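Chemist: Questions regarding the structure given below will be posed in turn.
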Amino acid sequence: MGAPEDDSSKLVQSMSLKDGLPADAPILKPRSDGRSYRRIVLPNALQVLLISDPDTDKAAGSMDVHVGSFSDPEELPGLAHFLEHMLFFSSEKYPDEDSFFKFLVEHGGQSNAYTAPEHTNFHFEVSADHLVEALDRFAQFFICPLFAADATSREIKAVDSENSKNLTTDVWRMNQLARHLTSKDHPFYKFGTGSLETLEVIPKKKGIDTRAELLKFYEARYSSNLMCLAVYGRESLDELQKLAEEKLSAVKNSKKDIVRFPGQPCSAEHLQILVKAVPVREGHTLMLMWPVTPELQNYREAPSHYIGHLIGHEADGSLFALLKQLGWANSLSAGEMESNLDSAFFIVDIELTDVGQEHMEEVVGFTFQYLSVLRKEGVAEWIFKELQAVCDMKFHFQDKMTPVHYVSSLANYMQLYPPEDWLAASMLPRNFNSEVLSEAIQQLTPERVRIFWHSKKFQDIATDEEPWYGTRFTSKKIDESLIKKWQSADVDPRLHLPNPNLLIPTDFSLINDADSKVQFPFVLKKSDMYRLWYKADSRFGTPKACIQMHFNCPESNYSPEASILTRIFTKMLVDYLNAYAYYAEVAGLSYKILVTVHGFQVSVSGYNHKLIVLTKKIMEMIVNFEVKEDRFKVMKEMVMKDCVNFRFQQPYQQALYNCSLLLEHRRWHVNEYIEVLPDLTAEDLRQMFPRILSRIFVECFVAGNITSKEAELLIEHVETTLKSGPTVNAKPPFSSQLMEQRIVRLEDGSDFIYASQGLNPQDENSALQLYLQVGQEETNMNILVELLVLTIKEGVFHQLRTVEQLGYLVFVATKNDFGVRGIQFLIQSTVKDPGALEDRVEAFLERYADTLEKMPQEDFKRHVDALIEMKLEKYKNLWEESSFYWREISDGTLNFDRPEVEVAALRKLEKEGLVDFFKSFVQRNAPYRRKLSLQVYGSQHLEELRSVVEAGRDSCPVESKYLLTKEGKVLKGKDGEEVGAKSRGRLIDNISTFKRAQSLYSSLKGGLHPEYK
Ligand SMILES: [Zn+2]
């Protein structure tokens, strides 16, 4: 495929403008896109893009305002971000706090916003029937925002909590450090998030009224002529146009100019610097960064795209391939970042190995050598054409995404590109211009480089501290002699341009296999070594497919050693495949190889034309696997770092992890991996590998634009290859060997606490996950769990986040472990310890019984309808559809018609049913309640942890079958059945002891279902 030709049949006419402006060039749209688009400009100069999609379940809208944190006043860092929070809160017409959020939740929607340096983006989605009211509410934020005075201090706390969540995250820390080392008079230097310090404490001391400044900022910067709106709905373009005119014409136009920030953030003193900084996580990264002309200014020539494609290449001849061969790097990425209207950076980000860490100067040297290959011969039209063909294919066959994400990016593109490119933006390189490309490469020289090198090794020398995040670092000028050396070095012959890409698909025809177009996946073929599920595409008409293969290998998980060696095996496999598969990735195919509890899984997806070629290649690599000493070492180091880095996850993620350790029958602890890893050798894997693959059962699912014949041939090929590969002679497993994952079944009335210290001693955040187990896969129970979560959600968010300000992360969700359903409440907080958080959740639930009972019928009905709508929501693309089916297959639930069945049950449900469910399973003292409280204590709550542990020692032993009173008596409930002590959970002090004492749910995949016999 070549460049898009000038063919008007592929273009939509945008209509002439109401206010008499001339019509623009037509909007370029993807060939496979059946939606219609129209641009209008309202009398208040607000630009609007209308998108009509009669098939959509969701409507959406996004407003992008051309102002952001670069415009923050000097004395109020974070003001633009704070304004984003306050604006999206209440309006004169709809003054109730969170009422927009509440409306959206009740109508299957959601909303969010973000603040960037030069713009602020607000967006929402809602079920397609409710666009009119949603848009009315949304518009009011821009017509008459209330900026409610009494919400000021609370929302400052919300901003502060958001910031404190970022404080221990390296991405945020390192971004700010890069900003810190630029000119103070360029806004890039600023801190954009804001905190309690910058928005309240310091302003108060200086006598600055934050809210008054907020209003001033709003008056000065918000104006309809700086706004772009994208609206997505089921209605026709004419109806959408009427709607937009009606709802948004009242946004005030005060005719502001876009504020530009010309000039580069770096002066001479900020170039040629080497910065050594200490990250939170293990691992070494090297980031080379150059200030460049933003690609936006030449987006049709696509210089950054082009250069990023080559520097980021991973096949033979590339920078990464060489660094990997030397054992110096684990990953490399390149491209433009921090792009604004007048400034941008080109960044090469390299993850170094421990050995690579000792060769920093050479790594940088090779980077400059590769850049000099680009300078000498890299501006090549054939490479540009290839890139163009791939981009063209990706643009024209792009999958539908969620309307809210779509409009949010479109509203942003509207600010940056001429109307004809509002959809394509910079996705399509169009003009080969060697001059532009050469100039762009010219900017990436040793004289202009900034090097940021992150490693814990710098702990002792990093004497400076970045003020906002406290990152320790040291910065110095790079020696002139080193710069000279980098400038003049000869190019290593191992570095060269990539070869032509043979994996770019050229056949986009659709299969016409009428018999195979059934509604649901079915078992097409099976043997004692595999089961092939198949579902041809009957919905999307796109030349794509996906192949899932789970290799159940009984020997892969019998010990922590076996499990971690299997993980290293999959990593090495990906490593060996990389040089070949990178071409596939460039060509729009993707693959994943992941370790699972009982083996490993290979997923391949993308354009079907070359998909089977790639899958066969993966099989070939599996059966020809050999353990290379040097690569084993690198992969082992990588796995070790992953394990160790586990402790730098957010505390709520630790709670989630602890929960799965407690619930999943077969699961090793990360500490066990950390213990066994150091002693494992390449020889161990050499011995282990044939055992892992000695007995295999493959569960396979093929979906999309692939015929049933092709699918059968593929699985036969897989079987033959496994049975007679050079290093593998697999047999089917014995039935007794096939162990499926099983889940701990908590007793009715149980109430457990697992309390632990946050693994990162620097993290002040604590977290609570309150898990209520309900039961295993059953239609009525499933819908009650989901309906309750949907009904309770808005109340939880409003009470615990908005009113009580417990933390930025507050949510309630369903939990589904291999068909075992439950409800979970999650809060991450710096203000309260997990025990206190739990009290808050319990207090909320206590009141909620009443709320639920008094809930008017029509409110109940609305929630039911919202859930029905969510369930009937159509899959937007092949990936959504096939991952739903694949989950049904791998969980063993096989309810392919789940949405229809559950909707039928929902239609029959009465309010009493939900109230009953709440009283039986959820509220405190409910007879069937089964509670597990996962508490992670951050650095400022260690005292509380101590007292919880002490109190835990006095309570009853975990092994006891029934819950006991403090006096040791078995409690009896109604019908004389033994139930639990109600008031206080019992402490779990040992995960394994706990699990051994519990019973288990059956595995749905155990063989009871005829398909699994
Ligand atoms: Zn925010």
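Chemist: Would you mind calculating the gained length between residue 989 and residue 942 on full extension (0.36 nm times residue separation, minus the Cα-Cα distance), in nm to one decimal? Present the calculation step by step, with values, prior to reporting the outcome.
Modeler: Numbers: separation 47, 0.36 × 47 = 16.92 nm, distance 1.67 nm.
Taking residue 989 through residue 942 to full extension adds about 15.3 nm, to one decimal.
Chemist: Here's another thing I want to ask about it. How many angstrom lie between the Cα centre of region 256-275 and the Cα centre of region 155-214?
Modeler: Their Cα centres are 19 Å away from one another.
Chemist: Within 13 Å, Cβ to Cβ, of residue 605, how many net charges do the neighbouring residues add up to if Lys/Arg are +1 and Asp/Glu are -1? Intermediate values should be presented prior to the final figure.
Modeler: Details: positive: 544, 592, 610; negative: 399, 537, 585, 880, 881.
Cβ neighbours under 13 Å give a net charge of -2.
Chemist: I would also like to ask the following. Got a number for the accessible area of residue 81? Probe 1.4 Å, square angstrom, nearest 10.
Modeler: For residue 81, the solvent-accessible surface is approximately 10 Å².
Chemist: Right, here's the next one. Label points 7 Å out from Cα along the Cβ direction at residue 712 and residue 949: separation in nm?
Modeler: Placing both labels 7 Å beyond Cα along the Cβ direction yields 6.3 nm.
Chemist: Just how many % of Cα pairs in region 530-644 lie over 23 Å apart, if you round to the nearest whole percent? Walk me through the intermediate numbers first.
Modeler: Details: 2342 of 6555 pairs.
Summing the P(r) of region 530-644 above 23 Å gives 36 percent of all pairs.
Chemist: Let me ask you something else. Going 7 Å from the Cα of residue 522 in the Cα-to-Cβ direction, what parts of region 536-570 have a backbone nitrogen less than 13 Å from that spot?
Modeler: Under 13 Å, as judged by backbone N against the label point of residue 522, lie 536 of region 536-570.
Chemist: Which value in Å is the Kirkwood Rh of region 306-390 over different Cα pairs?
Modeler: Values: mean 1/r = 0.0724 Å⁻¹.
Kirkwood radius, region 306-390: 13.8 Å.
Chemist: Can you compute the modelled spin-label distance between residue 925 and residue 355, with each label point 7 Å from Cα toward Cβ, in nm?
Modeler: 6.7 nm
Chemist: Shape call for region 790-912 from the C-alpha gyration tensor, a ≥ b ≥ c root eigenvalues: rounded (a/c under 1.5), prolate (a/b greater than b/c) or oblate?
Modeler: Working: a/c = 2.32, a/b = 1.47, b/c = 1.59.
It comes out oblate by the Cα gyration axes.
Chemist: Now for a different question. Using Cα pairs closer than 8 Å and at least 6 residues apart in sequence, work out the relative contact order for region 253-342, in percent.
Modeler: Numbers: 56 pairs, mean separation 29.2, N = 90.
After rounding, I find 32 percent.
Chemist: If you don't mind, another one. Taking 7 Å along the Cα-to-C-beta vector as the label spot, tell me the residue 253-residue 870 distance in nanometres, rounded to one decimal.
Modeler: Calculated label separation equals 4.1 nm.
Chemist: Return the ratio Rg/(2.2 N^0.38 Å) for region 32-248, where Rg is computed over Cα atoms only. Write down the numbers at each step before the final one.
Modeler: On the way: Rg = 18.5 Å, N = 217, 2.2 N^0.38 = 17.0 Å.
In units of the 2.2 N^0.38 Å rule of thumb, it is 1.09.
Chemist: Heavy atoms only, 1.4 Å probe, whole protein assembly: order 39, 494 by accessible area, highest first.
Modeler: On the way: 39 25, 494 100 Å².
If we order 39, 494 from most to least accessible, we get 494, 39.
Chemist: Taking only C-alpha pairs under 8 Å that are 6+ residues apart, what is the relative contact order of the chain in percent? Let's see the in-between values first.
Modeler: On the way: 1937 pairs, mean separation 121.5, N = 1013.
Relative CO of the chain lands at 12 percent.
Chemist: Please work out how much length the chain gains when fully extended from residue 110 to residue 481, using 0.36 nm per residue of separation minus the C-alpha to C-alpha distance, in nm with one decimal.
Modeler: On the way: separation 371, 0.36 × 371 = 133.56 nm, distance 5.63 nm.
Length gained between residue 110 and residue 481: 127.9 nm.
Chemist: Using only protein heavy atoms and a 1.4 Å probe, report how much of residue 715 is accessible, in Å² to the nearest 10.
Modeler: 0 Å²
Chemist: I would also like to ask the following. Between region 770-829 and region 285-326, what's the alpha-carbon centroid distance in Å?
Modeler: 44 Å
Chemist: Where only protein heavy atoms count, and the probe is 1.4 Å, what is the accessible area per residue for region 514-735 in Å²? It would help to have the intermediate numbers written out before the result.
Modeler: Values: 8320 Å² over 222 residues.
Result: 37 Å² of accessible area for each residue.
Chemist: Ordering 382, 879, 328 by accessible area with a probe of 1.4 Å, largest first, what comes out? Walk me through the numbers before you get to the answer.
Modeler: Values: 382 105, 879 75, 328 20 Å².
Reading off the accessible areas and sorting them downward yields 382, 879, 328.
Chemist: Starting from the Cα of residue 901, move 7 Å in the Cα-to-Cβ direction to define the label point; list residues of region 863-877 whose amide nitrogen is under 11 Å from there.
Modeler: none
Chemist: Using a 1.4 Å probe and ignoring any ligands, DNA or RNA, find the accessible area of residue 144 and quote it in Å² to the nearest 10.
Modeler: 20 Å²
Chemist: Subtract the Cα-Cα distance of residue 169 and residue 574 from 0.36 nm times their separation in residues, and report this length gain in nm to one decimal.
Modeler: Details: separation 405, 0.36 × 405 = 145.80 nm, distance 2.73 nm.
This chain segment gains 143.1 nm when fully extended.
Chemist: Over region 311-469, what is the relative contact order in whole percent, taking alpha-carbon pairs under 8 Å and six or more residues apart? Mind showing how you got there, number by number?
Modeler: Values: 109 pairs, mean separation 25.8, N = 159.
Result for region 311-469 is 16 percent.
Chemist: Could you give the radius of gyration (one decimal) and Dmax (whole number) of the Cα atoms in region 703-744, in Å?
Modeler: 15.0, 41
Chemist: Please compare each pair in 385/592; 29/394; 592/616 to a cut-off of 19 Å on the Cα-Cα distance and tell me which ones are over it. Show your work: numbers first, answer last.
Modeler: Working: 385/592 28 Å; 29/394 12 Å; 592/616 14 Å.
Among 385/592; 29/394; 592/616, the Cα-Cα distance tops 19 Å for 385/592.
Chemist: Now a separate question. Aspartates and glutamates within cross-link reach of residue 731: Cα-Cα under 17 Å, excluding same-chain residues under 8 positions apart?
Modeler: Correct list for residue 731: 528, 555, 699, 716, 719.
Chemist: Here's something else I'd like to know. Rank these by accessible area, largest first, 1.4 Å probe: 996, 38, 907, 281. Could you put the intermediate results ahead of the total?
Modeler: Details: 996 180, 38 35, 907 160, 281 100 Å².
Ranked from most to least accessible, the order is 996, 907, 281, 38.
Chemist: A follow-up question, please. If you wrap a convex hull around the C-alpha atoms of region 744-1000 and split its volume per residue, what is the figure in Å³? Could you put the intermediate results ahead of the total?
Modeler: Values: hull volume 39.1 nm³, N = 257.
In region 744-1000, the Cα convex hull volume per residue is 152 Å³.
Chemist: A follow-up question, please. Per the helix-only calculation at 222 nm, which mean residue ellipticity applies to the chain, given -39500 (n - 2.57) for every DSSP H run of n ≥ 4 and division by its residues, nearest 500 deg cm²/dmol? Working shown, then result.
Modeler: Values: 31 runs with 376 residues, N = 1013.
So the helix-based figure for the chain works out to -11500 deg cm²/dmol.
Chemist: Lys and Arg at +1, Asp and Glu at -1: add these up for the other residues within a Cβ distance under 14 Å of residue 757 and post the number. Numbers along the way, then the final one.
Modeler: On the way: positive: 647, 946; negative: 763, 764, 833, 943, 944, 989.
So the environment of residue 757 carries a net charge of -4.
Chemist: In the P(r) worked out for the chain, what percent of Cα pairs fall beyond 57 Å?
Modeler: Values: 56626 of 512578 pairs.
Counting pairs separated by more than 57 Å, the tail of P(r) holds 11 percent.
Chemist: Ordered by packing density, taken as the mean number of other Cβ atoms within 10 Å over each peptide's residues, highest first, how do 95-102, 457-464 rank? Walk me through the intermediate numbers first.
Modeler: On the way: 95-102: 17.0, 457-464: 13.1.
Per-residue mean Cβ counts within 10 Å order the peptides as 95-102, 457-464.
The values are calculated or read from the model by the stated rules, or taken from the named source; none is laboratory data. These figures come from a predicted structure and were not determined experimentally. Methodologically, a virtual Cβ is constructed for each residue, glycine included, from the backbone with ideal geometry; neighbour enumeration extends over all protein chains shown. Calculation scope for accessible area: heavy atoms of the full protein, side chains included, ligands and nucleic acids excluded. Shrake-Rupley method; radii C 1.70, N 1.55, O 1.52, S 1.80 Å.
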